[in-house]
Amino acid sequence: MPTKKMTDKEWFHQHLSDRSTKLIPYKSATPKKFNSSTVAWSTLLLLFVTTSISLAQTTVTIPVETEKNAMVLQTDNEGRLGVIYFGSKLANTTEYEGIPSQYNLKSDNAPTYNSCYTPAGTWNLIEPAVQITHADGNMSLDLKYVSSETKKIDANVNLTSVLLKDPLYANEVTLYYKTYYKENVVEQWSVIKNGEKKAIHMQKYASANLYLMGNDFYLTHYNGTWGNEMKPEEDHLSHGIKSIDSKLGTRANLLEPSAFMVSFDKPATEDEGKVLLGQLAWSGNFKLDFEVDNYNNLRLIAGINPYASEYQLAAGQEFTTPGFIYTFSNNGKGEASRNLHHWATKYRLLDGEGSRLTLLNNWEATYFDFDENKLVGLFKGAKKLGVDMFLLDDGWFANKYPRNADTAGLGDWQENKKKLPHGIGYLVKEATAAGVKFGIWVEPEMVSPKSELYEKHKDWVIREIDRPEKYYRHQLVLDLSNPAVQNFVYGVLDTLFTKNPTLAFIKWDCNAVIYNAHSAYLQKAGLPQSQLYVDYVKGLYKVLERLRAKYPTVPMMLCSGGGGRVDYGALQYFTEYWPSDNTDPVERIFIQWEYSYFYPAIASCNHITDWSKLPLKFRTDVAMMGKMGYDIVVDKLNEKDLQFSQQAVTNYRSISDLVWHGDLYRLVNPNKNPIASLMFSNTDKSRAIVFNYLVNTRFMPSATPLPVQLKGLDAAKKYTVKEINVYPGTSSSIQPSTVYSGNFLMTVGINPDVHLGRASVLLEVNEVK
Ligand code: GLA
């Protein structure tokens, strides 16, 4: 990405009106008050300005490009940097420069709307991206372009950085744009640096500030609650600001995640329309502002939620905001989501290009009611089923206040002697003897008021000392801003691994939100309470960073009483996530469908449970469109169900490469149709798997009167289509020997023949050579 280098002369002309950046070297910049010499210089400068007014202004144009898209930044004649373009990239880079001349944005305010990082308190009267109070109490900030550079990280990844400075105060902001060329994904963040002699206070410190040109914008965002996550809503954005945010603290996504889509001009479909998919990579409070200005363009500001989060920056310190991740497509949501999948598996999700363990979990099978013998019995079930691992869930720990219900014990991470007299080590040994790996559940950020930890370390708990405690699921949150708590949380995991080196899996849960956000630690350290929400997440990441340094590969599930904490901040430490506690398969079709826009299927833990009485085949087929697991008592399965399940585990092994690493195409949307249909195809388009599910139980002779058109195949190739996961004793209505062209399958389609008697149908598509 070319960055225009300016000569000193150009730089001087560029900053004619920019007194202090020109005249005072940054480090010795005199804050606020002018001394006589600066006044003298100013007078000289003014003379210079008048005499050189006829010289041509140099603008700096910075294209931030991926394979298909570009965001272009350009300085105005006062050295302020704005976004002048966002969309498909132009064939000739030099033509970007002329884009503004085609826009007729003339009101007094207009030049401020497109700021690439809108500062508060000076020339801007719209929603800011950054708002600070200087050491002297002044609340104004102006940011002018200083320099930019683009570094090649590798053949696919570039990092563009743009330095902006306040001409008056010694504060600077560097905007970073990390571009993933082939994936068409950009990660954007900013670093705010305090060059003043004393602390400044930041009221707002967004990660990114985009400006999107268009006439109409449609925002898809998600709301939810426990067991009912990821409910989509699409709004036409009108003038004013639409904000989506979270103030929940820990499991910030429970009400609303930061993942969203913006369609340009009209709502995008799977294969048509301009659409931006984005999210903040941050596991705490966030805020996204979508502001339509009076030219109908959209200002998008994404970052940590400023709510109760004023942050103090000491002299010389800098603050790095979390990444805002986005992709843009001209060809609808399908392509945009595949961009994110490709990026996530290659660059973000831990072991995204690797494999995953199938498992048997005991949560819904036993809840808290188990002991050593019962568990050892369940290991045999895991082996019988053919899965890779047994996962021991909640209830294995605490002695003074045993964890026999969700009302006690969190924080006391010692094996419960009554349930597990021989400890975890014995279970690991027995599981290995039974031929399966062993994994374990923890919820290390939490504490039960009924626990020894709470009795010993009330000062480690987030709570308002003089107010009544308020619980979420009978528990409180530990104060991860405190390094001692970080050590404790790290120690919970480190001890488990040290004692049991063959421990194969961790389910890391997080079930409470933060009420009464007060930290005894911050108080003692003399730091503002308003840093708690931010320092909590930073503390969490520190722990995870440390853990990953010592245990880089152990698979870990990111769980939060369902999907309360799924984001690309956390997923760099986790191999997978738990989308919802709701495992009803029909509900899961909708929940998994929506998550699939933002996260690859390899990361989605889908468990087969007894939550619903729908046939086991249906439940299994739904679980297969992600990372499959079980949460049932295997010994309770009847003969046919067991036979079916054993076959299903084998089938899953044979198709898992497609689901984990293939390209996802959504074919029939369950929100608008009686069925859901989606498929994964491999890179050379020689193999695919198509999932079809009935989502409507009203009487219909057939839920699929019409064929389903496949995607992602090669029109010129020949294929057969075979049904798999057929329940024992039933037969398939699909003819496995018929040969179709890819052209036929993608133009006419194939009818999966879904109806009440065949509520789910899995079709394997194989190339015939
Ligand atoms: C949360 C998780 C469940 C289970 C329970 C245990 O709700 O989402 O899967 O682990 O906690 O208490």
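The values are calculated or read from the model by the stated rules, or taken from the named source; none is laboratory data. This one's a predicted model, so the numbers in the text were calculated from it and none came from an experiment. We place every Cβ from the backbone using ideal geometry, glycine too, and count neighbours over all the protein chains shown. Quick note on the areas: whole protein, heavy atoms, side chains included, nothing else; ligands and nucleic acids left out. Shrake-Rupley method; radii C 1.70, N 1.55, O 1.52, S 1.80 Å.
With no solvent and one point per C-alpha, what does the Debye sum give as log10 I(q)/I(0) for the chain at q = 0.10, 0.11 Å⁻¹? The calculated log intensity ratios at q = 0.10, 0.11 Å⁻¹ are -1.06, -1.22.
In the context of the full set of protein chains, the stretch 664-767 has a per residue accessible area of 43 Å² (1.4 Å probe).
When S732, S355, S329 are compared by accessible area of protein heavy atoms, the largest-first order is S355, S732, S329, using a 1.4 Å probe. Summed over the residues of the stretch 61-348 and divided among them, the accessible surface reaches 34 Å² per residue at a probe radius of 1.4 Å. Each residue of the stretch 275-290 was assigned a 3J(HN,Hα) from its phi angle through the Karplus curve 6.51 cos²θ - 1.76 cosθ + 1.60 (θ = phi - 60°); the sequence is 8, 10, 10, x, 6, 8, 7, 8, 9, x, 4, 9, 8, 10, 9, 10 Hz, with glycine and proline shown as x. Amide H contacts for V461 (H built 1.01 Å from N in the peptide plane; partners 5 or more residues away or on another chain; cut-off under 5 Å): D479. Note on the chain: helix-only mean residue ellipticity at 222 nm, from DSSP H runs of 4+ residues weighted -39500 (n - 2.57) and normalised by residue number, equals -6500 deg cm²/dmol.
Tell me, what is the percent relative contact order of the chain, built from C-alpha pairs under 8 Å that lie six or more residues apart? Contact order relative to length: 9 percent. How large a share of the accessible area of the chain, in percent, is made up of carbon and sulfur atoms when the probe is 1.4 Å and the other protein chains stay in place? With neighbouring chains kept in place, the figure for the chain is 53 percent. Measuring between their Cα centroids, the stretch 503-518 and the stretch 188-225 lie 27 Å from each other. Simple spin-label estimate for K499 and E353 gives 3.8 nm between the two label positions (7 Å along the Cα-to-Cβ direction from each Cα).
A straight line joining the Cα centroids of the stretch 564-612 and the stretch 366-431 runs 24 Å. Over 32 Å apart at the Cα level, from the set K287/K524; K231/K550; K383/K718; K470/K542; K247/K400, are K231/K550; K383/K718; K247/K400.
Computed over the alpha-carbon atoms, the stretch 685-769 gives an Rg to Rh ratio of 0.98, Rh here being the Kirkwood radius from the mean inverse distance.
Segment I99..V768, full-extension length gain: 235.8 nm, with 0.36 nm per residue of separation and the alpha-carbon distance subtracted.
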